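Okay, structure first, notes after.
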Amino acid sequence: MKVTRETVTGWLQAAPLTVVLLGFLVAPIITIVIVSFWQATEFSIIPAFSLENYEFLFGSPVTYKVFAATFKYAFLTWAMTLAIGFTVAYYLAFHIRSQTMQIALFLLCTIPFWTSNIIRMISWIPFLGRNGIANQTLISWGVIDQPLEWLLYSDFSVILAFVHLYTLFMVVPIFNTMMRIDRNLLEAARDNGASGFQTLVHVIIPLTKPGIMIGTIFVLTLVMGDFITVRFMSGSQRANVGRLISNDIALLQYPSAAATAVVLLCTVLIVIGILLRFVNIRKEL
Amino acid sequence: MEKRPRSFYVLSVFFALFVLFLYGPTITIGILSFQGPEGGLTFPMRGVSLNWFHELFQQQAVGDIWGAFRRSFMLGLMVMVTTVVVSVMAGLAFRKKFPGSGVLFYLTIASLVIPSILISLGVGLIFNQLGLKVHWATSGFGSQLTWTLPFGLLIMFAVFNRFDKSFEEAARDQGASAWQTIRFVVLPIIAPSLIGVALFGFTLSYDEFARTLLTAGSYNTLPLEIFGMTTNVTTPVVYALGTLTTAFSLLIIGAFLLSAWVMARRRARLGSDAGKGV
């Protein structure tokens, strides 16, 4: 291979990014993999090869339960964010006619994304609590006599918070692909007698698939890697893999945390690998 | 104009509900932060007061939130500048097909989708093993870049996809060197999009939690401080802080949007002199 001047310039320009990613992405992952084979006492970690972390992890029924819970959260959040995100993107892309209005409404949706996740989570508490707005409204309407206990600190509140935090990650890529659909195709479908619904199913959805896939990757990985939303919104009563890791970290059991992290990483990569079979991200950018 | 179909009205209501869903909780704590001095964490409001905002300024009530705010602000600026510079350079690199570009691309995507806690844990372990102290300005800074740089690069891809190469060719034909072409032609054209990259860089860093958790060391950033408060503060002072930081985030977004608007206007005023002769 001939190394041209252009190649060298390209390498130099890409160098800072490469250095950051090597130092703070690749090296940490390698470290985690190595440490996952180490042993630990209560006070320190011992660099000696052992499989005990993995043996413990795979031997414990808790692990399987927690992974199952993680998949459950990921699936439910995905289904909800997709339904809501697709509808919102569809509305913005096909029903709003002026571009200024489109941009304005789009910005309106993205602003909350730029404020703190933690604050947005806390915000649900006065809303869903025992004496929160939701319960009081339902009682005053006469729908229920007793405050509902499952609104806060439950699977319901966890998924609600996930949907609240991550729907935008679905809206943006779907909206982006929808905006690139040639409007003539829609007209052609209509001229050929397709109903609105048929156009949606046979034209828009297939053409929006790449956006849906990118949104799906975002939402699934964010939910599977989460450890704070579940802790917060379940009042520490539910667990997912992220919490398993963060609990080990809190107990300074780094090797065990690392082993769980490796298994989580592999799971996430397998999920992404499957999704990437349906879309070529590089072509979509 | 064509008559709106009925689905338009249904979807408009859906969209309005979605926006309410997005903003509702934030508005709720906005209201509750003005809770009277006797009031608690939930409704009803017992009077209206600025009591809880006042409490924020008393050191003993809330710990070191102002120090945390200063650190987060500094870190946000550091991350912002680095993200802009590194993303632009990488964006320029990706316009040519250089060997290794595929690997680098997938690494960047990996950086975006990897669970944040892995970065936090891994960087923490490295510093630990090397006998270094974790600090927000070193390990925290690097960890946050793994989150902001992919966003920056994706924006640069979008920018360069729409970039008209003939401007550069014109500059080259007029005898501009490679550096001059970038400095006087490419950068001014992409400048407005860089505001977007800067906005992402700053706000993603300012609100970042998971990647900073184990890498900030003994001095907390603001999100970490807020997180600490939520576990041991049981008064509306948490809401007051939440309201204040949200207001600050909105202020920052406003400032960026304003500068983008000013830049667009300036551009429209100065305009292009193409075809007007010299």
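Bear in mind these aren't lab numbers, they're just calculated from the coordinates by the rules spelled out. Just so you know, these numbers come straight off a predicted model, no measurement behind them. Positions of Cβ are generated from backbone atoms using ideal geometry, with glycine treated the same way; all protein chains shown enter the neighbour counts.
For A:K209 and A:M101, what is the calculated FRET efficiency with R₀ set at 25 Å and r taken between the beta-carbons, to the nearest 0.05?
Values: r = 27 Å, r/R0 = 1.06.
After rounding, the FRET efficiency stands at 0.40.
Taking chain B as a Gaussian network, Cα atoms linked when under 10 Å apart, which of B:I252, B:I182, B:I109 shows the biggest mean-square fluctuation?
Ranking B:I252, B:I182, B:I109 by mean-square fluctuation puts B:I182 first.
Where in chain B are the DSSP H helices whose C-alpha atoms run 30 Å or more along the long axis and whose mean Kyte hydropathy is at least -1.0?
Working: long enough: B:6-32 (38 Å, 1.79); B:65-95 (44 Å, 1.42); B:237-270 (49 Å, 1.23).
Qualifying helices: B:6-32, B:65-95, B:237-270.
Go through the range A:206-285 and name the chymotrypsin sites (Phe, Trp or Tyr not before Pro) that are in a DSSP coil and have 15 or fewer other Cβ atoms within 10 Å of their Cβ. Write out the running numbers ahead of the final one.
On the way: sites: A:F218, A:F227, A:F232, A:F278; in loops: A:F227, A:F278.
Those satisfying the criteria are A:F278.
Tell me the Rg and the Dmax, in Å, that the Cα atoms of chain A produce.
When restricted to the Cα atoms of chain A, Rg and Dmax are 23.4, 78 Å.
Pick from B:V238, B:V84, B:V113 the residue whose mean-square fluctuation is largest in a GNM of chain B, springs joining Cα atoms under 10 Å.
B:V113
Note down the relative contact order for the range A:63-284 as a percent, whole number, built from C-alpha pairs under 8 angstrom at least six residues apart. Display every interim value, and only then the final one.
Numbers: 223 pairs, mean separation 58.2, N = 222.
Value for the range A:63-284: 26 percent.
Return the loop-located chymotrypsin sites (Phe, Trp or Tyr not before Pro) in the range A:11-103 (DSSP other than H, G, I, E, B) with at most 12 other Cβ atoms within 10 Å of their own Cβ; answer none if there are none.
Numbers: sites: A:W11, A:F24, A:F37, A:W38, A:F43, A:F49, A:Y54, A:F56, A:F58, A:Y64, A:F67, A:F71, A:Y73, A:F75, A:W78, A:F86, A:Y90, A:Y91, A:F94; in loops: A:F37, A:W38, A:F43, A:F49.
Loop-located and lightly packed - A:F43, A:F49.
Scan chain A and hand back the longest stretch that contains none of the GluC sites (Glu not before Pro) lying in DSSP loops with at most 14 other Cβ atoms within 10 Å. Kindly include the intermediate steps, with their values, before the conclusion.
Details: sites that count: A:E42, A:E149.
Counting only loop sites that pass the neighbour cut-off, the longest clear stretch is A:150-285.
Provide the net charge surrounding A:I245, with neighbours chosen by a C-beta distance below 12 Å and charges set as Lys +1, Arg +1, Asp -1, Glu -1.
Numbers: positive: A:R231, A:R243; negative: A:D226, A:D248.
Summing Lys/Arg as +1 and Asp/Glu as -1 gives 0.
For B:Q35, list long-range residues whose amide hydrogen, built 1.01 Å from N in the peptide plane, is under 5 Å from its own amide hydrogen.
Amide H neighbours of B:Q35, under 5 Å, 5+ apart: B:S49.
Report the extension gain between B:A268 and B:L50 in nm, rounded to one decimal, defined as 0.36 nm multiplied by the number of residues separating them, less their alpha carbon distance. Don't jump to the answer; show the numbers that get you there.
Numbers: separation 218, 0.36 × 218 = 78.48 nm, distance 4.44 nm.
Fully extending the segment from B:A268 to B:L50 adds 74.0 nm.
What's the longest uninterrupted piece of chain B once you rule out the GluC sites (Glu not before Pro) that are loop residues per DSSP with at most 12 other Cβ within 10 Å?
On the way: sites that count: B:E2, B:E38.
With a cap of 12 other Cβ atoms within 10 Å, the longest stretch comes to B:39-278.
List every DSSP H helix in chain A whose Cα atoms extend 30 Å or more along the helix's own long axis and whose mean Kyte-Doolittle hydropathy is at least 0.0.
Values: long enough: A:61-90 (43 Å, 1.02); A:155-179 (35 Å, 1.62); A:254-276 (32 Å, 2.33).
Span-like helices in chain A: A:61-90, A:155-179, A:254-276.
Within the range A:58-167, report the trypsin sites (Lys or Arg not before Pro) that DSSP leaves as loop and that have at most 11 other Cβ atoms within 10 Å. Kindly include the intermediate steps, with their values, before the conclusion.
Values: sites: A:K65, A:K72, A:R97, A:R120, A:R130; in loops: A:R97, A:R130.
Hits after loop and neighbour filter: A:R97.
What fraction of the Cα pairs in chain B, stated in percent, has a spacing above 30 angstrom? Each step should come with its number before you reach the end.
Working: 18835 of 38503 pairs.
Value for chain B: 49 percent of Cα pairs lie more than 30 Å apart.
What longest region of chain B stays clear of trypsin sites (Lys or Arg not before Pro) that DSSP places outside H, G, I, E and B and that have at most 15 other Cβ atoms within 10 Å? Before the final figure, lay out each step's value.
Details: sites that count: B:K3, B:R46, B:K96, B:K97, B:K133, B:R162, B:K165, B:K276.
The longest such stretch corresponds to B:166-275.
How far is the Cα center of the range A:176-206 from the Cα center of the range A:112-127, in Å?
37
Which residue fluctuates the most in chain B, going by a Gaussian network model with Cα springs under 10 Å, if the choices are B:L20, B:L214, B:L194?
Top of the fluctuation ranking is B:L20.
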